[in-house]
Amino acid sequence: MLRIHQPGYQSSEAIELELAWLAAMCRDADLPVPEPVATSDGALLTQASIPGIPEGRNCSLLRWVRGREIGKEQVRPYHYWAQGRMMARLHHHAEHWQAPPGLAKRKYDWDGLFREDGGAGIPASEAWPLLPVEYVAPFEAVASRVKLVMDAWGKGREVYGLIHADLGLDANVLFWHGEARAIDFDDSGFGYYAYDLALALENCQEDEALPRYRDALLGGYTQIHPLPKDQIEQMDLLLSAFRVFWSLWATAVMELYPRYREELLERRTRYFKLVEHYLANQGQPA
């Protein structure tokens, strides 16, 4: 698969780190992720330009990952169990892999979620004043709690490292002969493994089978990569953190993509209600 990377979205250094991580996962751990194909001179990233396009493009080539998406009506707890095992392998590799010096990628720490640019071209710090006034206090309450938790966890390699940051059964997870496989690492970056795992449950939050899916996900994950109880207990908070992060991003980009405005507004409203529900029921298991 030839990737022509979107200009301005990821720096060359960020793409190079992503490709180096993918190559290492395939080489060192036989993980089911896209394998980069090097150029004739051994580079994983190259630049190309053609007449009529005002700037060059970063390009990379990946081997195709076999698999298929699972429709919502087909989802069973087993699929979450298999996804949990696959994510545990990703995190285990990230914990022990040393990234090449000089390469960096976005961060999903407190500043990365609530202050810096989440890919909209406008820092989240500038999006806060653009939120509907009734959103601000609940979102700030979540951000404050997240800061306390992340400060307590620190950034040791056992809790924080490279994560996919966009893995869910509704996107970027394929299945082949029962094995879960991960694609599209474009939004990967440095973050908390528990945050990455929490995002796997975002698409089933209003499903009556959520408790079974959650147990299956954690069961598959903890067979390979331990997750302390205090991190498991904060997964609902981390999901709320994602909803605030996404809402800030959507608020920043609405004017850039007017044809998606209604869709973004609808999802932002849903996330606001879920954040309110979390705050009203915090301390109770999902």
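Numbers for the structure displayed
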{"quantity": "Qualifying positions in segment 196-254 - within 17 Å of Lys107 (Cα to Cα) and touching a strand residue (DSSP E or B) at 6+ places or on another chain (Cβ under 7 Å)", "calculated": "Asp196, Leu199"}
{"quantity": "Pick from segment 124-134, criterion without any contact (Cβ under 8 Å) to a residue 60 or more places away in the chain and more than 28 Å from Asn281 (Cβ to Cβ), ranking: surrounded by the fewest Cβ atoms within 10 Å (Cβ to Cβ)", "calculated": "Pro129"}
{"quantity": "Segment 247-277 - residue that is aromatic (Phe, Trp, Tyr) and at pLDDT below 95 and, of those, farthest from Gln234 (Cα to Cα)", "calculated": "Tyr257"}
{"quantity": "Every residue from segment 116-134 that is assigned to a helix (DSSP H, G or I) and in contact with a helix residue (DSSP H, G or I) (Cβ under 9 Å, 6 or more places away or on another chain)", "calculated": "Ala124, Ser125, Glu126, Ala127, Trp128, Pro129, Leu130, Glu134"}
{"quantity": "Looking only at segment 53-81, and only at residues there that are of a type in the set (A, V, I, L, M, F, W, C) and without any contact (Cβ under 8 Å) to a residue 60 or more places away in the chain, the one that is surrounded by the fewest Cβ atoms within 10 Å (Cβ to Cβ)", "calculated": "Ile53"}
{"quantity": "Residues that are among the hydrophobic types (A, V, I, L, M, F, W, C) and closer than 24 Å to Arg268 by Cβ, drawn from segment 139-167", "calculated": "Phe139, Ala141, Val142, Ala143, Val146, Val149, Met150, Ile163, Ala165, Leu167"}
{"quantity": "Condition met for Ala194 (without any contact (Cβ under 8 Å) to a residue 12 or more places away in the chain, assigned to a helix (DSSP H, G or I), among the aliphatic types (A, V, I, L, M) and out of contact with any Ser or Thr (no Cβ under 8 Å at 6 or more places or on another chain))", "calculated": "no"}
{"quantity": "Test for Arg243: is it in contact with a helix residue (DSSP H, G or I) (Cβ under 7 Å, 6 or more places away or on another chain), under 19 Å from Ser144 (Cα atoms), charged (D, E, K, R) and surrounded by 15 or more Cβ atoms within 10 Å (Cβ to Cβ)", "calculated": "yes"}
{"quantity": "Qualifying residue in segment 2-11 (condition: touching a residue at least 24 places away in the same chain (Cβ under 8 Å) and of a type in the set (A, V, I, L, M, F, W, C))", "calculated": "yes"}
{"quantity": "Residues of segment 199-240 that turn out to be assigned to a helix (DSSP H, G or I), in contact with a helix residue (DSSP H, G or I) (Cβ under 8 Å, 6 or more places away or on another chain) and either among the β-branched types (Val, Ile, Thr) or without any contact (Cβ under 8 Å) to a residue 60 or more places away in the chain (or both), as a count", "calculated": "7"}
{"quantity": "Glu35 being over 24 Å from Asp117 (Cα atoms), touching a residue at least 24 places away in the same chain (Cβ under 8 Å) and touching a Lys or Arg at 6+ places or on another chain (Cβ under 6 Å)", "calculated": "yes"}
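The values are calculated or read from the model by the stated rules, or taken from the named source; none is laboratory data. Because the structure is predicted, anything quoted here is derived from the model rather than measured. Note that we place each Cβ from the backbone using ideal geometry, even for glycine, and neighbour counts take in every protein chain shown.
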